[in-house]
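Notes follow the structure.
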Amino acid sequence: MIREIKKNIFAVGVIDWDRRLFDELIPLPDGTTYNSYLIKGSEKTALIDAVDPTKEKELLENLDEAGLDKIDYIIANHAEQDHSGAIPALLKRFPKARVLTNQKCKDMLMDLLLIPSERFLTVNDGEKISLGDKTLEFIIAPWVHWPETMLTYLREDKILFPCDFFGSHLATSELYAVDESKVYGCAKRYYAEIMMPFRSYIKKHLEKLSSYDIEMIAPSHGPVYNKPEFILNAYKDWISDNAKPEVILPFISMHDSTKKMVDYLISALIKRNIKVIPFNLTKTDVGELAMSLVDASTMVIASPTVLGGPHPQVLYAVYLANLLRPKLKYVSVIGSYGWGGKMLDIIKEMTGNLKIELIEPVIIKGYPKEDDFEMLDKLADNILLKIN
Ligand code: FEO
């Protein structure tokens, strides 16, 4: 199936309705798409990004449907296999095609997909190529989300092809982002899981893009933005330093002591008009937790003690939060132990990436008692003081 998004520009990618996990790590509750765009210039033809290798047959069928007898350039904005994996099959099908990318991406593609050096053409930042009546400009934009990433801008049609950047994991029959609340959620989840660690790079890329006249953003996952300000404004909000006065509360409890503390703290925060979002880590989708980390100023980690340390699933959540480098400002820890342990020390060690202030933790022995509830009230007071 191919769809024309503008004259002589076609969406030729594939919808993956069934995929539920990416990188064997990231949940995909809404599936995903691998978008590929065919641009037929008056002299040359270019394909922007390919698809996941599991879908290469569909991509080749789509290109047959487009009636192609040649591709001159296969533009590789990013070396990750969900976009590059079908390139070897394309090179076989179109023996005169060249892979056009930057040097770093070329090195990675040779390494990951064993594509021979002679099949490449390399470009530098700001370089342009002509397809006849259409001109492609390449913008080197590292770390969205690998070091080799670049964006392609189609001058005459004012379309930005940013690959993963601005993308969303959303399988939908709608070519454009018409259901904005749905797309917003998926794009935010995508940002949280993939882009958030690179906020400072994204800030610079957005500044650079502000000098481009962009009428459409066509990412390589999810719908096309025919109103680009929708996603540009969302990104500006997500990368800003303004954390929202919200408390996220990932927790696990084995025998209810920690759960009693969690319930008490939730009520104490609600009484102080503080928004709190609890995540039972035995049930939650970690993508939801990642999304909440985009905005929240405060996280309280709640864990029982297992063999002297935090519950391993709590450690997983803390490890993930540390990797994602959210704009959290305050962290506290609550929980219970039976006979001792180093829960706090271990959690502190694992949050080295976060520029946070630790609010006095409440770690108690056994089931919570009157004094412990008073300490939880004090913690809620301290949080209120900090976030206001
Ligand atoms: Fe969609 Fe980084 O690949």
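How many angstrom separate the Cα center of the range 12-37 from the Cα center of the range 167-243? So the separation of the two Cα centres works out to 17 Å. In the P(r) worked out for the chain, what percent of Cα pairs fall beyond 39 Å? In whole percent, the share of Cα-Cα pairs in the chain beyond 39 Å is 28.
Rg/Rh for the range 67-106 to two decimals, with Rh computed the Kirkwood way over all alpha-carbon pairs.
Numbers: Rg = 10.2 Å, Rh = 10.6 Å.
Here the Rg-to-Rh quotient is 0.97.
Modelled spin-label separation between R272 and D241, with each label point placed 7 Å from Cα along the Cα-to-Cβ direction: 2.4 nm. When DSSP beta bridges are limited to those with both residues in the range 232-388, what percentage is antiparallel, rounded to the nearest 5? Counting only bridges with both partners in the range 232-388, antiparallel ones make up about 10 percent. In the chain, the portion of solvent-accessible area held by carbon and sulfur atoms comes to 52 percent [1.4 Å probe, whole percent, DNA, RNA and ligands not counted]. In the chain, a dipole from Cβ-located charges (positive for Lys and Arg, negative for Asp and Glu) runs towards its positive end, and of L100, F230, V262 it is V262 whose Cα lies farthest in that direction.
Compute the signed sum of charges (Lys and Arg +1, Asp and Glu -1) over the other residues within less than 11 Å, Cβ to Cβ, of I139. So the surrounding residues net to -1. The residues neighbouring K342, those whose beta-carbon lies less than 13 Å from its own, together hold a net charge of -1 under the Lys/Arg +1, Asp/Glu -1 convention.
Give me the 1.4 Å probe accessible area per residue for the chain, excluding ligands and nucleic acids, in Å². Write out the running numbers ahead of the final one.
Working: 16550 Å² over 388 residues.
Per residue, the chain has an accessible area of 43 Å².
Backbone phi angles across the range 213-225, fed through the Karplus curve with coefficients 6.51, -1.76 and 1.60 (θ = phi - 60°), yield HN-Hα couplings of 8, 10, 9, 8, 10, 10, x, 9, 9, x, x, 7, 8 Hz in residue order; Gly and Pro are listed as x. The orientation-averaged projection of the convex hull spanning the C-alpha atoms of the range 219-371 amounts to 10.4 square nanometres. For the chain, the antiparallel share of DSSP beta bridges with both residues in that region comes to about 45%. Under the criterion of Cα pairs below 8 Å and six or more residues apart, the relative contact order for the range 265-323 equals 27 percent. The lysines within cross-link reach of K386, meaning a Cα-to-Cα straight distance under 23 Å and a gap of 8 or more places when in the same chain, are K244, K271, K275, K327, K329, K348, K355, K378.
Among the chymotrypsin sites (Phe, Trp or Tyr not before Pro) found in the range 1-35, those both in a DSSP coil and sparsely packed, with 15 or fewer other Cβ atoms within 10 Å of their Cβ, are W17.
What does the charge dipole of the range 133-178 about its Cα centre add up to, to the nearest 20 debye, if the Cβ of each Lys and Arg holds +1 and the Cβ of each Asp and Glu holds -1?
60
When the helices of the chain are scored as -39500 (n - 2.57) per DSSP H run of n ≥ 4 and the total is divided over every residue, the value at 222 nm lands at -9500 deg cm²/dmol. Taking the simple approach of a point 7 Å from Cα along Cα-to-Cβ for both K128 and L358, what is their distance in nm? The answer from the label model is 5.6 nm. Each residue of the range 83-88 was assigned a 3J(HN,Hα) from its phi angle through the Karplus expression (A = 6.51, B = -1.76, C = 1.60, θ = phi - 60°), giving 10, 9, x, 8, 4, x Hz with x at Gly and Pro.
About its Cα centre, how strong a charge dipole does the chain have in debye, to the nearest 20, once Lys and Arg get +1 and Asp and Glu get -1 at the Cβ? Don't skip to the end; give the middle numbers.
Working: 47 positive and 55 negative charges, 103 e Å.
It comes to approximately 500 debye.
Tell me which residues come under 5 Å, amide H to amide H, from R98 once H is placed; ignore anything under 5 positions away on its chain. Long-range HN contacts for R98: Y73, I74.
Checking every one of the trypsin sites (Lys or Arg not before Pro) in the range 37-97 against DSSP loop status and a limit of 16 other Cβ atoms within 10 Å picks out K70, K96.
The stretch between V178 and N382 holds 69.2 nm of extra length on full extension. This uses 0.36 nm per residue minus the Cα-Cα distance.
Test of the criteria: in the range 235-300, which trypsin sites (Lys or Arg not before Pro) are in a DSSP loop and have at most 11 other Cβ atoms within 10 angstrom of their Cβ?
Working: sites: K236, K259, K260, K271, R272, K275, K283; in loops: R272, K283.
Of the trypsin sites (Lys or Arg not before Pro), the ones in loops of the range 235-300 whose Cβ has at most 11 other Cβ atoms within 10 Å are K283.
How would you classify the range 8-163 from its alpha-carbon gyration tensor, with a ≥ b ≥ c the square roots of the eigenvalues: rounded for a/c under 1.5, else prolate if a/b is greater than b/c, otherwise oblate? It comes out rounded by the Cα gyration axes.
The values are calculated or read from the model by the stated rules, or taken from the named source; none is laboratory data. Given the structure is predicted, the values throughout are model-derived calculations rather than measurements. Here the Cβ is made from the backbone with ideal geometry for all residues, glycine too, and neighbour counts use every protein chain on show. Accessible surface areas use protein heavy atoms only, side chains included; no ligands, DNA or RNA. Shrake-Rupley method; radii C 1.70, N 1.55, O 1.52, S 1.80 Å.
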